[in-house]
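Since the structure comes first, as structure tokens, the remarks are kept for the end.
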Amino acid sequence: MVSSHWPERLYLVRHGQSQGNVARDRADAQGLATIGIDIRDVDVPLSDLGHEQAQATGRWFAALPDEQRPEVILASPYLRTRQTARHICEAGGLAGGKSRTVIDERLREREFGVFDGLTTLGIRERYPEEAQHRARLGKFYHRPPGGESWADVILRLRSAMNSINLHYAERRVLIVCHQVVVLCMRYILEELDEAQILAIDKQSEILNCGICAFDFQPHELDCAPKLGLWNHAAPLVEDAAPITSAPDKIAGTR
């Protein structure tokens, strides 16, 4: 019998609401050019609500039968994703009572380069030519100076997926990451094109702690991953935790 090279199930969870999400919303509401956070994006922590959302998500995973809970958890190195992963582990969200999180820098947030810390208004004011170039090229392929396009993120995620298939074949894997990473993973796993993934992105924001899940047919090397859950808010609804979906870091990501 031929073994599958895919995980049995792959969960994708966006981090809980971050202080960056809160600051971005405030800056937009006040018509500011900058978000007003002086620390590195990698060091931005969860907000108080974000901690609450992550804890609720951990309890949701812990309530699953042991044979459905993830067996391993991988996370972006950013503080807000590591905090989210820790809450899930502490709540008993992993099968067998495991608590170790594997950090993989390929799961990190998209790098915004010179756009980092700016609102859409700030980008247009400070880099008008680059804003026009982005509008013409589209965000899938546009790379801000010093930053990444969606295509760049997809390139590193393909590498990460190869490692997951190698080390965690036929196991249940949970990835805690960022909004654009969740979307780009859908692009990869469902073999979408630019128009299709941008249409999905346009439909709605990825919820903070929203759950996505893919199932894989066992013992079929060419199986197509099947989307089982998308932007699932049940953990937050069940715990009456407020549901949020602010874009990451800058408003100019849509």
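The values are calculated or read from the model by the stated rules, or taken from the named source; none is laboratory data. Remember, predicted model here, so these are calculated numbers, not experimental data. Quick reminder, even Gly has a Cβ in these numbers, built from the backbone with ideal geometry, and neighbours come from all protein chains shown. Quick note on the areas: whole protein, heavy atoms, side chains included, nothing else; ligands and nucleic acids left out. Shrake-Rupley method; radii C 1.70, N 1.55, O 1.52, S 1.80 Å.
Would you say A27 is part of a helix (DSSP H, G or I), open to solvent by 20 Å² or more (accessible area, probe 1.4 Å) and on the phi < 0 side of the Ramachandran plot?
Details: part of a helix (DSSP H, G or I): yes; open to solvent by 20 Å² or more (accessible area, probe 1.4 Å): no; on the phi < 0 side of the Ramachandran plot: yes.
Criteria not met by A27.
Is it true that E190 is open to solvent by 40 Å² or more (accessible area, probe 1.4 Å) and over 15 Å from the mean Cα position of the chain (by Cα)? Spell out how you get there, then give the answer.
Working: open to solvent by 40 Å² or more (accessible area, probe 1.4 Å): yes; over 15 Å from the mean Cα position of the chain (by Cα): yes.
Answer is yes for this residue.
Just for segment 5-17: of the residues that are in a loop (DSSP other than H, G, I, E, B) and open to solvent by 10 Å² or more (accessible area, probe 1.4 Å), which one is nearest to F112 (Cα to Cα)?
Just the residues of segment 5-17 that are in a loop (DSSP other than H, G, I, E, B), to begin with: 5-8, 15-17.
With the extra rule that they be open to solvent by 10 Å² or more (accessible area, probe 1.4 Å), the set shrinks to 5-6, 8, 17.
Numbers: H5: 33, W6: 31, E8: 33, Q17: 19 Å.
Ranking the candidates gives Q17 first.
Does G20 fit the bill of being more than 19 Å from A234 (Cα to Cα) and open to solvent by less than 40 Å² (accessible area, probe 1.4 Å)?
On the way: more than 19 Å from A234 (Cα to Cα): yes; open to solvent by less than 40 Å² (accessible area, probe 1.4 Å): yes.
Yes; evaluated as a whole, the condition is true for this residue.
Are there any pairs, at least 6 apart or on different chains, whose C-beta atoms fall under 6 Å, with the first in segment 138-159 and within 19 Å of D201 (Cα to Cα) and aromatic (F, W, Y) and the second part of a helix (DSSP H, G or I) and open to solvent by 10 Å² or more (accessible area, probe 1.4 Å), and if so, which?
From residues that are within 19 Å of D201 (Cα to Cα) and aromatic (F, W, Y), the pairs are F140/E194; Y141/A151.
Within segment 187-200, can one find any residue that is outside any strand (DSSP E or B), within 22 Å of D25 (Cβ to Cβ) and touching a strand residue (DSSP E or B) at 6+ places or on another chain (Cβ under 8 Å)? Lay out the reasoning, then the answer.
We begin by selecting, within segment 187-200, every residue outside any strand (DSSP E or B); these are 187-200.
Of the ones still in play, those that are also within 22 Å of D25 (Cβ to Cβ) are none.
Looking for residues that are outside any strand (DSSP E or B), within 22 Å of D25 (Cβ to Cβ) and touching a strand residue (DSSP E or B) at 6+ places or on another chain (Cβ under 8 Å), one finds none in segment 187-200, hence no.
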